[in-house]
Amino acid sequence: MQLSASPYEERLTAPRSWWLISLMAGVSLGLILLPFGTLPMLGGLAGGTAAAAVVASSYGSVRIRVVGGHLIAGEARIPVSALGEAEVLDAEEARAWRTHKADPRCFMLLRAYVPGALRVDVTDPGDPTPYLFLSTREPQRLAQALRAAKEGAAAG
């Protein structure tokens, strides 16, 4: 199966404040190593900042794509034919679906620093997952891309 051009792609990058925290982690490690001399302090500053930046980058590198008749969200790959209606959630409704309304069987691609979300029902009877909760900065666009992919899969 040939994958078509992606009608939707989003990378949920870490917020800018996390990069400042990475720098502060490096400064802290540098200060801890200061009694051992200038060179260990500079190594701690560089190494601590780099290590914290790698952690922030890896957590913030998750992608959501709709491509080739599939929704790919992080490690999950679901055919759009197995998906039902998509509900766009504002910040308050997304918080409710992350907490007291959440079903423990659902798939959550959750990033607390992204206020908007999309909840997509799973219609596959063989899948115990009732719905997908996807943190996204553009829930309207993602819902439109899913609708277009479903229409394309039904027509083709």
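The values are calculated or read from the model by the stated rules, or taken from the named source; none is laboratory data. Source: prediction; values computed, not measured. Neighbour counts are summed over all protein chains in view; Cβ atoms, including those assigned to glycine, are modelled from backbone coordinates with ideal geometry. SASA here: full protein model, heavy atoms, side chains in, ligands and nucleic acids out. Shrake-Rupley method; radii C 1.70, N 1.55, O 1.52, S 1.80 Å.
Can you tell me which of 149, 96, 154 is open to solvent by 70 Å² or more (accessible area, probe 1.4 Å) and not charged (D, E, K, R)? Walk me through how you get there before you give the answer.
Working: 149 fails: open to solvent by 70 Å² or more (accessible area, probe 1.4 Å); 96 fails: open to solvent by 70 Å² or more (accessible area, probe 1.4 Å).
Exactly one residue qualifies, and that residue is 154.
Do any residues in segment 38-49 that are buried (at least 17 other Cβ atoms within 10 Å of the Cβ) have Cβ atoms under 8 Å from those of residues that are hydroxyl-bearing (Ser, Thr, Tyr), where the two are at least six apart or on different chains, and which pairs are they?
Every condition considered, the pairs that remain are 48/28; 49/22.
Could you give me the residue pairs with C-beta distances under 6 Å whose first residue belongs to segment 62-75 and is more than 15 Å from residue 122 (Cβ to Cβ), whose second residue is hydroxyl-bearing (Ser, Thr, Tyr) and in a strand (DSSP E or B) wherever it lies, and which are 6+ apart or on separate chains?
Close Cβ pairs (under 6 Å, with a partner that is hydroxyl-bearing (Ser, Thr, Tyr) and in a strand (DSSP E or B)) amount to 66/8.
Is at least one residue of segment 13-22 of a type outside the set (Phe, Trp, Tyr), in contact (Cβ under 8 Å) with a residue 60 or more places away in the chain and surrounded by 17 or more Cβ atoms within 10 Å (Cβ to Cβ)? Lay out the reasoning, then the answer.
First pass over segment 13-22, keeping only residues of a type outside the set (Phe, Trp, Tyr): 13-17, 20-22.
Retained after the next criterion (residues that are in contact (Cβ under 8 Å) with a residue 60 or more places away in the chain): 14-15.
Remaining after also requiring surrounded by 17 or more Cβ atoms within 10 Å (Cβ to Cβ): 14.
Yes, segment 13-22 has at least one match.
Check 95, 147 and return the single one that is closer than 27 Å to residue 18 by Cβ, over 15 Å from the mean Cα position of the chain (by Cα) and of a type outside the set (A, V, I, L, M).
Unique residue meeting the criteria: 95.
Specify the residue that is farthest from the chain's Cα centre (by Cα); the eligible residues are those in segment 57-66 that are at pLDDT below 90 and either open to solvent by less than 20 Å² (accessible area, probe 1.4 Å) or of a type in the set (A, V, I, L, M) (or both). Before the answer, list the steps.
Taking segment 57-66 first, the residues at pLDDT below 90 are 57-62.
If we keep only those that are either open to solvent by less than 20 Å² (accessible area, probe 1.4 Å) or of a type in the set (A, V, I, L, M) (or both) as well, we get 60, 62.
Values: 60: 7, 62: 5 Å.
The qualifying residue farthest from the chain's Cα centre (by Cα) is 60.
Applying the selection to segment 20-31, what residues are of a type outside the set (Gly, Ala, Ser) and either closer than 19 Å to residue 54 by Cβ or more than 35 Å from the chain's Cα centre (by Cα) (or both)?
The initial filter retains those residues of segment 20-31 that are of a type outside the set (Gly, Ala, Ser), namely 20-21, 23-24, 27, 29, 31.
Once the filter is applied, which keeps residues that are of a type outside the set (Gly, Ala, Ser) and either closer than 19 Å to residue 54 by Cβ or more than 35 Å from the chain's Cα centre (by Cα) (or both), segment 20-31 yields 20, 21, 23, 24, 27, 29.
I want to confirm something. Restricting to segment 110-136 and keeping residues that are in contact (Cβ under 8 Å) with a residue 60 or more places away in the chain and surrounded by 16 or more Cβ atoms within 10 Å (Cβ to Cβ), which single residue is farthest from residue 73 (Cα to Cα)? Show your work before the answer.
Narrowing segment 110-136 to residues in contact (Cβ under 8 Å) with a residue 60 or more places away in the chain: 111, 113-114, 132, 134-136.
When the remaining residues are screened for being surrounded by 16 or more Cβ atoms within 10 Å (Cβ to Cβ), the result is 111, 114, 132, 134-136.
Details: 111: 12, 114: 15, 132: 9, 134: 8, 135: 10, 136: 10 Å.
Residue satisfying both the conditions and the ranking: 114.
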